[in-house]
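What follows is a short report on a single structure.
The values are calculated or read from the model by the stated rules, or taken from the named source; none is laboratory data. Since the structure is predicted, the reported quantities are computational estimates derived from the model, not experimental observations. Here Cβ is always computed from backbone atoms with ideal geometry, including for glycine, and neighbour counts include all displayed protein chains.
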Amino acid sequence: MMKICVIGAGASGLLAAISAKEQGADVFILERNTKIGRKILATGNGRCNFTNVDATHNHYNHPSFVKPIFEQFGPDKTINFFEGLGIEPKIEDQGKTYPLSEQASSIVDVLEYELDRLSIKVFYESFVDKVSFKNQKFHIKTNHQTFISDRVILATGGKALPKSGSDGHGYDIAKNLGHKITPIFPALVKLKLDYPYLKQMDGVKIKASAELMHKGVSIHYEYGDVLFTKYGISGPTILQISRKANELLIEKEEIYIKVTLIDHLEIKDLIERFKKLRDKPIEMALIGLVHKKLIHPLLKEAGIHKFLEVVHQIERKSLMRLIHLLLDWRFLIVGSKDYDDAQVTAGGIDIVDIDSMTLESKIQRGLYITGEVLDIDALCGGYNLQWAWSSGYVAGKYAAKKI
């Protein structure tokens, strides 16, 4: 019987283990934590956005690599799999899918039950120091003992949310076996800005459009909640933009976030508004138009430092600058929060050395690599978990079949 070692009991590793066991293999899991699925519990604010019914290969950074994996195990099969374990899916806006219980623990509980049902042993608190291949067997050295297997499935995750156990050690394991690692960086993460009035804006949450600007061109647009913080900017729209932002920052490019506070009005509409309010203090003329905590930063940037000055006394140049800021407020991006705050890792094990049908290594036969540790990622919305399920299932299937 084929003996398979799965390194990591996250989403991808769990599906890999179950899939391999269903194919008749003898499977065991090495997990550094005391419980399985630590990162699953943190997804979707504890509700677990476990897939997206609209997910296709085109949602990922390397679509042609993802396509054959999704053709074997995509969102439909994922939902069917979890329904078979007792999870009732709840589909929300934009295809986001949650368990009806709205508890991430439901997903972990049914997976844990399935491991028990299939007699898949998990060795907890097992940190893998090294994986080597000799005499046609894999030798997996941990802090407790050395395990021997016919196949290894590497499912350690990336570096995002290291408290969950994904500290990037999987990259070292892969490198020691001959694999290249593409540049890695945090994605789906809050951004840091260089702006003098952030402390005054801290805590402001608004609905607005946000665009990533590079060389004067908008390269990513989102609309939704934007949250200003003392270090920069956050919110769902910003998380979606952050991957491309960090990619450009690595290349030392100058990039900006453009926030449009007022989408439904044009320059002429705002000019007319200020004409009607010409006898009001400029500060009062903005009340009801934008969040109160944004008024002083806007006025200061427009060069208006007398907040009680009436509108008709303000220089036209400053007033037009203010109008421009309401429609096009730009902030220099200087970085992002670290992996502790990131939902996913961008970059990873180079896919050129991975078989896109089976996820077997082209460098070390018998080694299968799956999930976030690979250079595959996507935006928020259940896509990254879907990749974890899909890649895990496929890797497990082929690892068990190959002789």
Out of region 111-144, which residues are under 27 Å from the mean Cα position of the chain (by Cα) and in a loop (DSSP other than H, G, I, E, B)? Tyr124, Glu125, Ser126, Phe127
Give the residues of region 145-165 that are on the phi < 0 side of the Ramachandran plot, part of a loop (DSSP other than H, G, I, E, B) and small (Gly, Ala, Ser), sorted by residue number. Ala155, Gly158, Ala160
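A quick yes/no check of all residues on (1) under 40 Å from the mean Cα position of the chain (by Cα); (2) free of Cβ contacts under 8 Å to residues at least 40 places away in the same chain:
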| site | (1), (2) |
| --- | --- |
| Ile271 | no, no |
| Glu283 | yes, yes |
| Leu286 | yes, yes |
| Leu289 | yes, yes |
| Pro297 | yes, no |
| Lys300 | yes, no |
| Phe307 | no, yes |
| Asp338 | yes, no |
Please note which strands (runs of 3 or more DSSP E) are completely contained in region 194-239 and include at least 3 residues that are hydroxyl-bearing (Ser, Thr, Tyr) and either touching a residue at least 12 places away in the same chain (Cβ under 8 Å) or on the phi > 0 side of the Ramachandran plot (or both). 217-228
Between residues in region 93-111 that are assigned by TED's automatic domain parsing to the domain that holds Tyr383 and on the phi > 0 side of the Ramachandran plot and residues that are assigned to a loop (DSSP other than H, G, I, E, B) and buried (at least 22 other Cβ atoms within 10 Å of the Cβ), which pairs lie under 8 Å by C-beta distance while being six or more apart or on different chains? Gln94/Gly381; Gly95/Ala55; Gly95/Gly381; Gly95/Gly382
Applying the selection to region 66-80, what residues are under 14 Å from Ala388 (Cα atoms) and either of a type outside the set (D, E, K, R) or modelled with pLDDT under 95 (or both)? Val66, Ile69, Phe70, Gln72, Phe73, Gly74, Pro75, Thr78, Ile79
Pull up region 77-101, narrow it to residues that are charged (D, E, K, R) and within 20 Å of the chain's Cα centre (by Cα), then point me to the one that is surrounded by the most Cβ atoms within 10 Å (Cβ to Cβ). Lys96
Checked region 34-54 for anything within 30 Å of Arg151 (Cα to Cα), surrounded by 20 or more Cβ atoms within 10 Å (Cβ to Cβ) and of a type outside the set (Phe, Trp, Tyr); matches are Ile36, Gly37, Arg38, Lys39, Ile40, Thr43, Thr51
Of the residues in region 364-393, those that are among the hydrophobic types (A, V, I, L, M, F, W, C) and either in contact with a strand residue (DSSP E or B) (Cβ under 8 Å, 6 or more places away or on another chain) or within 17 Å of Thr156 (Cβ to Cβ) (or both) come to Leu367, Ile369, Val373, Leu374, Ile376, Ala378, Leu385, Trp387, Ala388, Trp389
Scan region 320-332 and tell me whether some residue there is at pLDDT 95 or above, over 40 Å from the mean Cα position of the chain (by Cα) and aromatic (Phe, Trp, Tyr). no
